[in-house]
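The values are calculated or read from the model by the stated rules, or taken from the named source; none is laboratory data. Because the structure is predicted, anything quoted here is derived from the model rather than measured. Because the Cβ atoms are built from the backbone with ideal geometry, glycine has one as well, and the counts that use them run over all protein chains shown.
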Amino acid sequence: MEGTDLQRIRHILLHCEEIEASLKRHHRDYEEFLDDHEFYNSVCMDVLQIGELSGGLSPAFKNKTSDKVPWISIRSVRNIAAHAYETLNSSRLWDIATHDIPALKQFCEQAITESENT
């Protein structure tokens, strides 16, 4: 993995961990997610940052890993969060935070470990 890709994957991992910490702090409560604007915005901002970072990954890395990570979808959610925030579906954002982010976190951890072992 290129140094730039590794750096971006490390930053993506940090945002995954931030989402995980927010969920833990709020007891993974969907109703609180809907009612607490700061909680919602925190998750949304981290998802946006993940999408922004993914856009800077090399095409070679994205092609090599596209069977494990839906990079195009990640970037699409970022675009919605950045340009059409009011249309962002809260149940979809919750699903991303509680299902997709843990999988992305695991991918990042594995990619970093593999990079360090080569």
| said: Step by step: first the residues of segment 45-77, then only those that are assigned to a loop (DSSP other than H, G, I, E, B) and not β-branched (Val, Ile, Thr), then the one that is surrounded by the fewest Cβ atoms within 10 Å (Cβ to Cβ). Which residue is that? | reply: 67
| said: Which condition from (1) in a helix (DSSP H, G or I); (2) closer than 19 Å to residue 20 by Cα; (3) without any contact (Cβ under 8 Å) to a residue 40 or more places away in the chain; (4) not hydroxyl-bearing (Ser, Thr, Tyr) is the one that residue 93 breaks? | reply: (3)
| message | Looking at segment 6-20, I want the residues that are closer than 16 Å to residue 62 by Cβ and part of a helix (DSSP H, G or I) and have a partner that is modelled with pLDDT under 95 and small (Gly, Ala, Ser) with Cβ atoms under 9 Å, at least 6 apart or on another chain. Which pairs are those? | response | 6/115; 9/115
| So residue 82, is it out of contact with any Gly (no Cβ under 7 Å at 6 or more places or on another chain), over 18 Å from residue 9 (Cα atoms) and aliphatic (A, V, I, L, M) | yes
| query | residue 88 passes all but one of (1) over 19 Å from residue 11 (Cα atoms); (2) in contact (Cβ under 8 Å) with a residue 24 or more places away in the chain; (3) surrounded by fewer than 15 Cβ atoms within 10 Å (Cβ to Cβ); which number fails? | reply | (3)
